[in-house]
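These notes concern the structure reproduced below.
The values are calculated or read from the model by the stated rules, or taken from the named source; none is laboratory data. Everything numeric here is computed off the predicted structure, so don't read it as measured data. With ideal geometry, Cβ positions are generated from the backbone for all residues, glycine too; neighbour counts draw on all protein chains shown.
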Amino acid sequence: MSGLPDTPYPLGPKLGVDVGLVRVGVAGCDRDGLIATPIRTLKRDPRKNNDVRILVREAVERGAVQIIVGLPKNLSGREGPSAEMARDYAGLVVEELQRQSAPLPVRLVDERLSTVSAHRSLHAAGLGSRDHRKVVDQVAAVEILQHAIDMQRSRRRDVGDPVPVRAAAGTQSTLPTPTEEPDIGHSTPSRRESES
(Lines give C-alpha, C1' and ligand atoms only; values in the text may rest on other atoms or scores of the structure.)
Protein backbone atom coordinates (compact mmCIF):
# COMPACT_ATOMS: atom_id res chain seq x y z
CA MET A 1 0.00 0.00 0.00
CA SER A 2 1.61 3.26 -0.98
CA GLY A 3 0.32 6.76 -0.53
CA LEU A 4 -2.58 7.95 -2.65
CA PRO A 5 -2.30 11.22 -4.61
CA ASP A 6 -3.88 13.16 -1.75
CA THR A 7 -1.73 11.39 0.88
CA PRO A 8 1.87 11.32 -0.35
CA TYR A 9 3.09 9.03 2.41
CA PRO A 10 2.71 5.28 2.87
CA LEU A 11 -0.71 4.18 4.11
CA GLY A 12 -0.95 1.06 6.23
CA PRO A 13 0.65 -0.45 9.33
CA LYS A 14 3.92 1.12 10.44
CA LEU A 15 6.52 0.37 13.08
CA GLY A 16 8.11 2.90 15.42
CA VAL A 17 11.52 2.20 16.95
CA ASP A 18 13.25 3.66 20.01
CA VAL A 19 16.95 2.70 19.92
CA GLY A 20 18.94 2.50 23.14
CA LEU A 21 22.30 1.09 24.17
CA VAL A 22 20.69 -1.85 26.00
CA ARG A 23 17.14 -2.14 24.64
CA VAL A 24 15.13 -1.33 21.53
CA GLY A 25 11.46 -0.44 21.94
CA VAL A 26 9.08 -1.36 19.13
CA ALA A 27 5.58 0.01 18.52
CA GLY A 28 3.08 -0.45 15.73
CA CYS A 29 0.03 1.34 14.39
CA ASP A 30 -3.23 0.28 12.81
CA ARG A 31 -3.80 0.21 9.04
CA ASP A 32 -5.39 3.67 9.14
CA GLY A 33 -2.40 5.17 10.95
CA LEU A 34 -4.46 6.52 13.83
CA ILE A 35 -3.25 4.82 17.00
CA ALA A 36 0.24 3.64 17.96
CA THR A 37 0.49 0.76 20.44
CA PRO A 38 3.42 -1.04 22.08
CA ILE A 39 4.62 -4.30 20.53
CA ARG A 40 7.77 -5.48 22.28
CA THR A 41 11.15 -4.65 23.75
CA LEU A 42 14.22 -6.23 22.19
CA LYS A 43 17.56 -6.66 23.89
CA ARG A 44 20.12 -4.74 21.84
CA ASP A 45 22.68 -7.13 20.34
CA PRO A 46 25.45 -4.99 18.79
CA ARG A 47 27.76 -7.97 18.14
CA LYS A 48 25.35 -10.16 16.14
CA ASN A 49 22.48 -7.72 15.48
CA ASN A 50 19.84 -10.39 16.10
CA ASP A 51 17.52 -7.61 17.27
CA VAL A 52 17.72 -6.02 13.82
CA ARG A 53 16.65 -9.29 12.22
CA ILE A 54 13.77 -9.69 14.66
CA LEU A 55 12.64 -6.11 14.01
CA VAL A 56 12.64 -6.66 10.24
CA ARG A 57 10.80 -9.97 10.62
CA GLU A 58 8.20 -8.19 12.80
CA ALA A 59 7.75 -5.54 10.11
CA VAL A 60 7.30 -8.14 7.37
CA GLU A 61 4.90 -10.31 9.42
CA ARG A 62 2.75 -7.30 10.27
CA GLY A 63 2.66 -6.10 6.67
CA ALA A 64 4.31 -2.81 7.63
CA VAL A 65 4.65 -0.18 4.92
CA GLN A 66 7.20 1.97 6.75
CA ILE A 67 9.58 1.92 9.72
CA ILE A 68 10.07 5.11 11.75
CA VAL A 69 13.25 5.27 13.85
CA GLY A 70 13.52 7.93 16.54
CA LEU A 71 16.44 10.35 16.12
CA PRO A 72 17.37 11.74 19.55
CA LYS A 73 18.53 15.33 19.22
CA ASN A 74 19.44 17.61 22.09
CA LEU A 75 17.25 20.59 22.94
CA SER A 76 19.21 22.88 20.62
CA GLY A 77 18.54 20.50 17.73
CA ARG A 78 22.10 19.23 17.51
CA GLU A 79 22.95 15.56 17.18
CA GLY A 80 25.20 13.76 19.63
CA PRO A 81 26.35 10.17 20.19
CA SER A 82 22.78 8.88 20.70
CA ALA A 83 21.70 10.30 17.34
CA GLU A 84 24.71 8.69 15.68
CA MET A 85 23.73 5.37 17.27
CA ALA A 86 20.15 5.75 15.96
CA ARG A 87 21.43 6.58 12.46
CA ASP A 88 23.73 3.55 12.50
CA TYR A 89 20.89 1.32 13.71
CA ALA A 90 18.56 2.63 10.99
CA GLY A 91 21.28 1.83 8.45
CA LEU A 92 21.48 -1.74 9.76
CA VAL A 93 17.70 -2.03 9.44
CA VAL A 94 17.86 -0.88 5.80
CA GLU A 95 20.64 -3.40 5.08
CA GLU A 96 18.64 -6.23 6.66
CA LEU A 97 15.52 -5.20 4.74
CA GLN A 98 17.58 -5.41 1.55
CA ARG A 99 19.00 -8.79 2.54
CA GLN A 100 15.48 -10.11 3.11
CA SER A 101 14.20 -8.53 -0.13
CA ALA A 102 11.72 -6.42 1.84
CA PRO A 103 12.24 -2.88 0.51
CA LEU A 104 10.36 -0.89 3.16
CA PRO A 105 11.16 2.79 3.57
CA VAL A 106 12.93 3.67 6.82
CA ARG A 107 12.80 7.25 8.09
CA LEU A 108 14.47 9.06 10.97
CA VAL A 109 12.15 11.34 12.95
CA ASP A 110 13.19 13.81 15.66
CA GLU A 111 12.32 12.28 19.01
CA ARG A 112 13.49 14.91 21.50
CA LEU A 113 12.34 14.06 25.02
CA SER A 114 10.37 10.93 24.03
CA THR A 115 11.95 8.88 26.83
CA VAL A 116 11.34 11.66 29.38
CA SER A 117 7.72 11.83 28.22
CA ALA A 118 7.46 8.02 28.40
CA HIS A 119 8.69 8.03 32.02
CA ARG A 120 6.16 10.74 32.89
CA SER A 121 3.34 8.75 31.30
CA LEU A 122 4.34 5.64 33.23
CA HIS A 123 4.49 7.59 36.52
CA ALA A 124 1.07 9.09 35.78
CA ALA A 125 -0.26 5.57 35.17
CA GLY A 126 0.96 4.57 38.64
CA LEU A 127 3.84 2.36 37.53
CA GLY A 128 6.81 2.45 39.90
CA SER A 129 10.26 3.49 38.72
CA ARG A 130 11.65 -0.05 39.08
CA ASP A 131 9.03 -1.38 36.67
CA HIS A 132 9.69 1.33 34.07
CA ARG A 133 12.69 -0.45 32.56
CA LYS A 134 10.52 -3.29 31.32
CA VAL A 135 8.26 -1.06 29.21
CA VAL A 136 9.73 2.45 28.91
CA ASP A 137 11.34 1.67 25.54
CA GLN A 138 8.01 0.45 24.15
CA VAL A 139 6.25 3.56 25.46
CA ALA A 140 8.96 5.77 23.92
CA ALA A 141 8.51 3.91 20.60
CA VAL A 142 4.75 4.56 20.84
CA GLU A 143 5.43 8.28 21.38
CA ILE A 144 7.81 8.38 18.39
CA LEU A 145 5.37 6.59 16.08
CA GLN A 146 2.30 8.49 17.28
CA HIS A 147 4.10 11.80 16.72
CA ALA A 148 5.13 10.72 13.20
CA ILE A 149 1.69 9.48 12.11
CA ASP A 150 -0.02 12.56 13.57
CA MET A 151 2.39 14.80 11.64
CA GLN A 152 1.87 12.81 8.43
CA ARG A 153 -1.88 13.30 8.68
CA SER A 154 -1.74 16.98 9.61
CA ARG A 155 0.92 17.93 7.04
CA ARG A 156 -0.41 15.54 4.39
CA ARG A 157 3.13 14.46 3.54
CA ASP A 158 5.84 12.20 4.86
CA VAL A 159 7.98 13.34 7.77
CA GLY A 160 11.57 12.88 8.85
CA ASP A 161 14.57 11.99 6.75
CA PRO A 162 14.80 8.89 4.57
CA VAL A 163 17.58 6.46 5.46
CA PRO A 164 19.59 5.80 2.30
CA VAL A 165 20.50 2.33 1.09
CA ARG A 166 24.22 1.97 1.76
CA ALA A 167 25.17 -1.27 -0.01
CA ALA A 168 24.59 -2.06 -3.67
CA ALA A 169 21.75 -4.47 -4.41
CA GLY A 170 22.81 -8.10 -4.33
CA THR A 171 25.78 -7.66 -1.99
CA GLN A 172 26.12 -9.82 1.08
CA SER A 173 25.20 -8.27 4.40
CA THR A 174 27.75 -8.36 7.19
CA LEU A 175 25.04 -9.54 9.59
CA PRO A 176 25.59 -13.12 10.79
CA THR A 177 22.87 -15.77 10.91
CA PRO A 178 20.72 -15.46 14.06
CA THR A 179 21.30 -17.96 16.86
CA GLU A 180 18.79 -16.81 19.44
CA GLU A 181 16.18 -14.11 19.78
CA PRO A 182 17.12 -11.23 22.10
CA ASP A 183 13.49 -10.58 22.98
CA ILE A 184 12.76 -9.35 26.49
CA GLY A 185 9.10 -8.48 26.29
CA HIS A 186 5.98 -8.71 24.15
CA SER A 187 2.92 -6.51 24.38
CA THR A 188 0.87 -7.56 21.37
CA PRO A 189 1.11 -10.64 19.15
CA SER A 190 2.35 -10.42 15.60
CA ARG A 191 0.01 -11.40 12.79
CA ARG A 192 1.62 -14.86 12.61
CA GLU A 193 1.18 -15.44 16.37
CA SER A 194 -2.43 -14.25 16.38
CA GLU A 195 -3.34 -16.53 13.47
CA SER A 196 -1.97 -19.63 15.27
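In the stretch 92-119, the qualifying residues are those that are part of a helix (DSSP H, G or I) and surrounded by fewer than 19 Cβ atoms within 10 Å (Cβ to Cβ), and the one that is modelled with the highest pLDDT is Arg99.
One residue stands out in the stretch 38-85 among those that are hydroxyl-bearing (Ser, Thr, Tyr) and touching a strand residue (DSSP E or B) at 6+ places or on another chain (Cβ under 9 Å): the one that is modelled with the lowest pLDDT, namely Ser82. Selection of first residues in the stretch 61-88 that are touching a residue at least 12 places away in the same chain (Cβ under 8 Å) and in a helix (DSSP H, G or I) and of second residues that are charged (D, E, K, R) and surrounded by fewer than 16 Cβ atoms within 10 Å (Cβ to Cβ), restricted to Cβ pairs under 7 Å at least 6 apart or on distinct chains, gives the following pairs, ordered by first then second residue: Glu61/Arg191; Glu61/Arg192.
How many of the residues making up the stretch 40-58 are among the β-branched types (Val, Ile, Thr), over 11 Å from the mean Cα position of the chain (by Cα) and not in a helix (DSSP H, G or I)?
0
Taking the stretch 12-32, which residues are more than 24 Å from Ser82 (Cα to Cα) and crowded, with 23+ Cβ neighbours inside 10 Å? Listed by number, the list holds a single entry, Cys29.
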